[in-house]
Every structure is written in structure tokens, then in C-alpha cells.
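What follows draws every value from the coordinates through simple rules; no lab data is involved. Keep in mind that what you see is a predicted model, and the values were worked out from it rather than measured. A quick note on method: Cβ atoms are made from the backbone with ideal geometry, for glycine too, and the neighbour counts reach across all protein chains shown.
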Amino acid sequence: MSGLGPHAAFILASYGAAALVLGSLIVAILRDHRAQARALAALEQRGAGRRDRSGA
Amino acid sequence: MPSLTDLANPTRFMRLSAALLPWMAGAATILLAIGFYLAWFVAPADYQQGETIRIMFVHVPAAWLALMLYTMMAVSALGTLVWRHPLADVAQKAAAPIGAAFSLICLLTGAFWGKPMWGTYWVWDARLTSVLVLLLIYLGIIALWRALDDSGRAGRAVAILTLVGFVNVPIIKFSVDWWNTLHQPASVFRADGPTIHPAMLWPLLILALGFTLLALALHLAAMRAEIMRRRVRTLTILEAERHDRLAMQGLPA
């Protein structure tokens, strides 16, 4: 900390803010990706896209 | 090498992006690790700004990426309106939160750099204000996507807004030349070459490349999620219609 000089708090705040914003973005995108993949797999397993036997 | 037309097929895009993603994420991680090592342990303190120069290694790539992602969105907007590329509005929608995040990082790190160097977190000068406008445009685009249910209509409306907002990109770039601002002029992309010492320039360029690969990997992942969301929506509607038909015929679903 002392190696960063008198403005250490500003330097650490910058990196902390960047890590927080980027970390939140990464988590949000990965969670969304996983949720959509799970929902799609469930629908495909139920045969949601296939035509019904009545031919309608 | 697949062309843009080849990638118009979402199934092919999903296959290719699944193969590319781990490599891009891995390369981004390695470049960011090398870049931060050089930035923190090899690059010297600045003779005027001291250790606060370390903020530059995050602030500058974030600023470049905020502009690059908006430019990508403007190209995607042309893809939506002119070429009607089926993945153009997906690319545009996926890029907006990533561009907004880098704009926010640019503004926050700039404020934390500004206070010890300029004596203030914020000043309404041309560069800072135009970057704030960029963040607001990004937020407006995200809000417009959420406001309209029909993705086709939303895509066209957002494309027009994106192209109108693109006028802000050259304003941000040249604001330090056109107006008398507190912000320093360009010191890397200059006609007479960079004015930064190589000991600081190399970590900066390596980090910029690392952040770019990270942003592109996130963009691919967000595009994949959006394609799956649309497929889920279509299949949910098809499933509901099928259940309705079977119920009308008195058959089990």
C-alpha cells in the first residue's frame, strides 16, 4: 500500500471499481447463458418443436 | 475462413462460437495476466503523475473499448437496416451492456484519476461530457430493447437510434483537439507516433488486446444467450399452440 504513494486509495478504488463492474458483467452474461441453455434443453427434451401426431 | 453469409445461419454460428469461446477466454486471461504484471511490477512510476499512472492501464483500454463496441453496434445497425443480416440485431443487442460497462469503467477510473491530478472528480468539459453522453446512449439503447416485445421492431428502432448516436463517437475522439479541455490530448494514436515511453506503452497495448479479447468473448457468449432466448420463445409458443390444439381435440398433451 505504501509503495503506491500518497494516492494509493485512488489507485485501488479505480481497480476495485473496474473489477466490480467487469465481474458483475461476466457473472450476468454467464448466468443468462446458462439459464437460456437450460430452458432450451428442457423444451427440446419435451419435444416442444416437433409436430403433434394429429398432423395439425 | 467462414464469411459473414456463412455466419448468418444461427446453428453454424452457435457451433463456431462454442469452439472459439474457450480459446478467446484463455488468450484474454493470459494477456491480462502478463499485462497487469508488466503494468504493476515493470512499468515505472510517471515523473509527473507518480503511481497514479497505474490507473491509465485500465482507464485507456476501457475508453477504447467503449468506442470500439459502439462502432461495432453501428456496423450491426447497418447490417439490420441495409443488409437485413439475421444475426445483426442479435450482435447489436449483445454488445450494448458490454459497451455500457466499459463506458462506466472509463468514467469511474477517470474520476479516481482526476481527483489527485486535477483536484476534482468531475468537470463538464468536452471529453468527459461526451463520454457520459455515450454511457447514456448505451443505457437508452438497452432500455429500448426492453421496452419493445417484438425483436424485429425493436431491432430496427434500436438500429436507427444507434446510427444517430454514432455522431458522438468522432466527437469523443476529437473533443480534445476541437475544444480546450482539461483532459490531455491523444498520446498513443497520433500521426507523429506515440508519446508514451515503451516501458508504459507495451503493458498498455498488451492490456488493451487482453481486454479486447475479453470483450469479444463476452460478446460471443451474450450473442449465444440471445439466440437461445429467441429459440426458447419460439418453442414455448409452439408448445402452447400444440397443447391448445390437443386440448380442443380432447387428446392428452
Which whole-Hz ³J(HN,Hα) couplings does the range B:42-47 yield from phi under the Karplus relation 6.51 cos²θ - 1.76 cosθ + 1.60, θ = phi - 60°, glycine and proline marked x?
10, 5, x, 5, 6, 5
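Take peptide A:20-29, look around each residue's Cβ out to 10 angstrom, count Cβ atoms belonging to other protein chains, and average those counts. Mind showing how you got there, number by number?
Details: counts 2, 9, 11, 0, 1, 11, 7, 0, 5, 12.
Shielding by partners across A:20-29 averages 6.
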Mind listing the phi-derived Karplus ³J(HN,Hα) values for the range B:197-204, rounded to whole Hz, using 6.51, -1.76 and 1.60 with θ = phi - 60°, and x for any glycine or proline?
5, x, 5, 9, 5, 4, x, 4
Shielding of B:113-123 by partner chains, average beta-carbon count, 10 Å
2
At q = 0.07, 0.11, 0.12 Å⁻¹, what is the log10 ratio I(q)/I(0) for the protein assembly as shown, with the Debye formula run over Cα points and no solvent?
-0.34, -0.75, -0.87
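Name the shape class, rounded, prolate or oblate, that the alpha-carbon gyration tensor gives for the range B:80-136, where a ≥ b ≥ c are the square roots of its eigenvalues, rounded holds for a/c under 1.5, and otherwise prolate holds if a/b is larger than b/c and oblate otherwise.
prolate
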Only helical DSSP H runs with n ≥ 4 go in: add -39500 (n - 2.57) per run for chain B, normalise by residue count and round the 222 nm mean residue ellipticity to 500 deg cm²/dmol.
-25500 deg cm²/dmol
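Which whole number of Å³ per residue matches the convex hull of the alpha-carbon atoms in the range B:192-253?
Details: hull volume 4.4 nm³, N = 62.
Cα-based convex hull of the range B:192-253, divided per residue, equals 71 Å³.
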Provide the three semi-axes, in whole Å and in decreasing order, of the ellipsoid equivalent to chain B as defined by the square roots of 5 times the Cα gyration tensor eigenvalues.
41, 21, 16
Descending principal axes extents, the range B:125-253, alpha-carbon based, whole Å
78, 30, 19
Distance in Å, no decimals, from the C-alpha centre of the range B:163-182 to the one of the range B:38-116 is 15 Å
Taking only Cα atoms of the range B:25-105, radius of gyration then Dmax in Å
17.0, 52
Pairwise Cα inverse-distance average, inverted: Kirkwood Rh of the range B:53-181 (Å)
15.2 Å
Treat every Asp and Glu Cβ in the protein assembly as shown as -1 and every Lys and Arg Cβ as +1, leave all other atoms uncharged, and give the resulting dipole magnitude about the Cα centre to the nearest 20 debye.
1100 debye
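Just need the relative contact order of chain B here, percent rounded to a whole number, with Cα pairs under 8 Å and 6+ apart. Walk me through the numbers on the way to the answer.
Details: 261 pairs, mean separation 77.1, N = 253.
Once normalised by length, the contact order is 30 percent.
What is the mean number of Cβ atoms from other protein chains located within 10 Å of the Cβ atom of each residue in peptide B:231-243, rounded to a whole number?
On the way: counts 7, 11, 2, 3, 10, 3, 1, 6, 6, 1, 2, 8, 2.
Averaged over the peptide's residues, the number is 5.
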Roughly how many debye, to the nearest 20, is the charge dipole of the range B:147-223 about its Cα centre, given +1 on each Lys and Arg Cβ, -1 on each Asp and Glu Cβ, and no other charges?
40 debye
Find the Cα radius of gyration of the range B:29-74, compare it with 2.2 N^0.38 Å by division, and give the number to two decimals.
1.40
